[in-house]
Amino acid sequence: QAQLVETGGGLVQAGGSLRLSCAASIRTFSTYDMGWFRQPPGKEREFVAAMTYWGGSPLYADSVKGRFFISRDNAVNTLYLRMTSLEFEDTAVYYCAATRNGLTTKEIEYEYWGQGTQVTVSS
């Protein structure tokens, strides 16, 4: 059974930066496209960023483009999300997810999910 564990969340002031990590216990991690999603307080979960299994073709939500950067290290089965110029509106629980259904922004296409890490941006 695959397991994804997010770390790196916390409290940060607006304008600051954080890097989230997602450690994957998946034997074939390098065959999974990976994504980051987030759920702001009182709202539905939304797409943030995604990357192919080989580390290319990143996709970003318009709201984070140019501020957030997704990357991965298949040698250590880890996905990252570097978040810069954080805004109050970035406050959310952040989730990583894995899929072999092709690179996608659609939540329903992802097979495995982590339990999330809280990011709180103070204004």
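The values are calculated or read from the model by the stated rules, or taken from the named source; none is laboratory data. Please read these numbers as outputs of a predicted model, since none were measured by experiment. Virtual Cβ from ideal backbone geometry, glycine too; neighbours counted across all protein chains shown. Calculation scope for accessible area: heavy atoms of the full protein, side chains included, ligands and nucleic acids excluded. Shrake-Rupley method; radii C 1.70, N 1.55, O 1.52, S 1.80 Å.
For the stretch 1-99, state which GluC sites (Glu not before Pro) are in a DSSP loop and have at most 12 other beta carbons lying within 10 Å of their beta carbon. It would help to have the intermediate numbers written out before the result.
Values: sites: 6, 44, 46, 87, 89; in loops: 44, 87.
The qualifying sites are 44.
How large, in percent, is the carbon and sulfur part of the accessible surface of the chain at a probe radius of 1.4 Å? Each step should come with its number before you reach the end.
Working: 2990 of 6350 Å².
Carbon-and-sulfur percentage of accessible area, whole number: 47.
Count charges around residue 84 for me, please; just the other residues with Cβ under 10 Å from its Cβ, Lys/Arg as +1, Asp/Glu as -1. Intermediate values should be presented prior to the final figure.
Details: positive: 19, 67, 82; negative: none.
That works out to +3.
For the stretch 15-123, which chymotrypsin sites (Phe, Trp or Tyr not before Pro) pass both filters: DSSP loop (anything but H, G, I, E, B) and at most 15 other C-beta atoms within 10 Å? Working shown, then result.
Details: sites: 29, 32, 36, 37, 47, 53, 54, 60, 68, 69, 80, 88, 94, 95, 110, 112, 113; in loops: 32, 53, 54, 110.
Taking the stretch 15-123 and a limit of 15 other Cβ atoms within 10 Å, the loop chymotrypsin sites (Phe, Trp or Tyr not before Pro) found are 54.
Charges on Cβ only, +1 for Lys and Arg, -1 for Asp and Glu, centred on the Cα centroid of the chain; of 79, 118, 91, which one is farthest towards the dipole's positive end?
Toward the positive end, the furthest listed residue is 79.
Between exposed trypsin sites (Lys or Arg not before Pro) in the chain, where DSSP calls loop and at most 12 other Cβ atoms lie within 10 Å, what's the longest gap? Working shown, then result.
Details: sites that count: 27, 43, 65, 106.
That gives 66-105 as the longest site-free run.
Determine ³J(HN,Hα), in whole Hz, for all residues of the stretch 6-14 in sequence, where each value follows from phi through the Karplus function 6.51 cos²θ - 1.76 cosθ + 1.60 and θ = phi - 60°; x replaces Gly and Pro.
Running phi through 6.51 cos²θ - 1.76 cosθ + 1.60 with θ = phi - 60° gives 8, 9, x, x, x, 9, 9, 7, 4 Hz.
Counting residues in the chain as N, plug N into 2.2 N^0.38 Å and put the Cα Rg over that result.
Numbers: Rg = 13.2 Å, N = 123, 2.2 N^0.38 = 13.7 Å.
This ratio for the chain stands at 0.97.
Kindly report the accessible area of the chain per residue (heavy atoms of protein chains, probe 1.4 Å, no ligands, DNA or RNA), in Å². Mind dumping the intermediate values first?
Numbers: 6350 Å² over 123 residues.
On a per-residue basis, the chain sits at 52 Å².
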